[in-house]
Amino acid sequence: PPPPTQTVIVVEQQPAVTTTTYTLRPRRALPHNRHGLSLRLAGVATGENGSLGGMLAAYRFRPVPHFALEFGAGVFGGEDEQGSSRIETPLTVDALVFLNARGRWQPYVLAGIGFSRARVDREGDLIDGFGDEIEYAYVGGQVGLGIEWRLTPHFALNADVRGFVRTRIDDEPEPEFVRVTETGIETTDTSGGALFTFGMNVSW
């Protein structure tokens with residue numbers, strides 16, 4: 001008889017494959033806060049020799065994420081471009097348009113109007129009640145660019161630069177700025193400069 005046959009079945013075990021699934025969660029947008037308070041340190045450059053420093057405070061009303069109004073006040077001290085000591089108190093209303101309204105980094109553009117009063121001592125001394133002291137009043141406008149970094153939903157740091165132009169509206173008869181040139185004497189009551197600010201905003 002034929003020899004018996006034996007069937008051998010070999011089963012190969014494949015290593016188990018572990019699949020890891022990663023789910024990408026979209027970054028949650030920061031909440032929209034309607035009210036805020038800002039406090040900024042500021043420096044003003046006026047011409048080649050003039051510079052002032054001070055502080056600004058503002059209330060911010062932001063009805064929609066991309067737009068806000070700021071109502072501000074401040075105080076500055078220093079020297080103007082003619083070397084006269086000056087203390088100035090501005091009041092401003094600015095409109096801000098935010099370009100990335102729900103992100104942590106929010107660039108913005110601004111434009112506004114302002115009113116300001118200044119007390120100037122032409123003898124160069126700090127305002128002391130003596131000497132040739134004059135009070136001026138101005139009205140003008142400003143435009144600027146800035147960026148705000150929201151560290152938390154209710155706290156942010158911001159910095160911007162603003163260019164401004166204004167003219168006098170007081171009753172002083174003499175012109176404020178006098179310059180001697182090769183062609184004669186130039187006078188003007190219009191002035192301008194650049195304002196640099198850095199500060200914080202608390203919103204709710």
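Here's the yes/no breakdown for (1) farther than 30 Å from Val109 by Cα; (2) open to solvent by less than 20 Å² (accessible area, probe 1.4 Å):
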{"position": "Tyr136", "(1), (2)": "no, yes"}
{"position": "Arg162", "(1), (2)": "no, yes"}
{"position": "Ile169", "(1), (2)": "no, no"}
{"position": "Glu172", "(1), (2)": "yes, no"}
{"position": "Asp189", "(1), (2)": "no, no"}
{"position": "Ala194", "(1), (2)": "no, no"}
{"position": "Val202", "(1), (2)": "no, no"}
Flagged in region 141-154 as touching a residue at least 40 places away in the same chain (Cβ under 8 Å), in contact with a strand residue (DSSP E or B) (Cβ under 6 Å, 6 or more places away or on another chain) and more than 14 Å from Phe98 (Cα to Cα), in numbering order, are Gln142, His154
| query | Within region 113-132, can one find any residue that is closer than 23 Å to His35 by Cβ and open to solvent by 60 Å² or more (accessible area, probe 1.4 Å)? | reply | yes
Phe196 fails exactly one of (1) under 27 Å from Ala29 (Cα atoms); (2) touching a residue at least 60 places away in the same chain (Cβ under 8 Å); (3) of a type in the set (Phe, Trp, Tyr), namely (1)
Flagged in region 53-104 as open to solvent by 40 Å² or more (accessible area, probe 1.4 Å), more than 19 Å from Val165 (Cα to Cα), in contact with a Lys or Arg (Cβ under 8 Å, 6 or more places away or on another chain) and in contact (Cβ under 8 Å) with a residue 24 or more places away in the chain, in numbering order, are Phe61, Pro63, Leu69, Arg104
I'd like to check something: does region 159-167 contain any residue that is out of contact with any Gly (no Cβ under 6 Å at 6 or more places or on another chain) and of a type in the set (Asp, Glu)?
no
Screening Val97, Val120 for residues that are part of a strand (DSSP E or B), among the hydrophobic types (A, V, I, L, M, F, W, C) and farther than 19 Å from Trp204 by Cα leaves only Val120
Every listed condition ((1) at pLDDT 95 or above; (2) outside any strand (DSSP E or B)) holds for Arg102 save (1)
Test: residue in region 128-138 that is touching a Phe, Trp or Tyr at 6+ places or on another chain (Cβ under 8 Å), at pLDDT 95 or above and not basic (Lys, Arg): yes
Checking Arg166, Arg122 in turn, the sole residue that is more than 21 Å from Phe61 (Cβ to Cβ) and touching a Phe, Trp or Tyr at 6+ places or on another chain (Cβ under 6 Å) turns out to be Arg166
Arg168 fails exactly one of (1) within 26 Å of Phe98 (Cβ to Cβ); (2) over 16 Å from the mean Cα position of the chain (by Cα), namely (1)
Taking region 32-52 and the residues there that are within 21 Å of Thr190 (Cβ to Cβ) and surrounded by fewer than 20 Cβ atoms within 10 Å (Cβ to Cβ), the one that is nearest to the chain's Cα centre (by Cα) would be Ala45
Scanning region 1-56 for residues that are farther than 30 Å from Arg150 by Cα and of a type in the set (A, V, I, L, M, F, W, C), the one modelled with the highest pLDDT turns out to be Ile9
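The values are calculated or read from the model by the stated rules, or taken from the named source; none is laboratory data. This structure is a prediction, so every number in the text was calculated from the model and none was measured. Virtual Cβ from ideal backbone geometry, glycine too; neighbours counted across all protein chains shown. The area values use the complete protein model at the heavy-atom level, side chains included, leaving out ligands, DNA and RNA. Shrake-Rupley method; radii C 1.70, N 1.55, O 1.52, S 1.80 Å.
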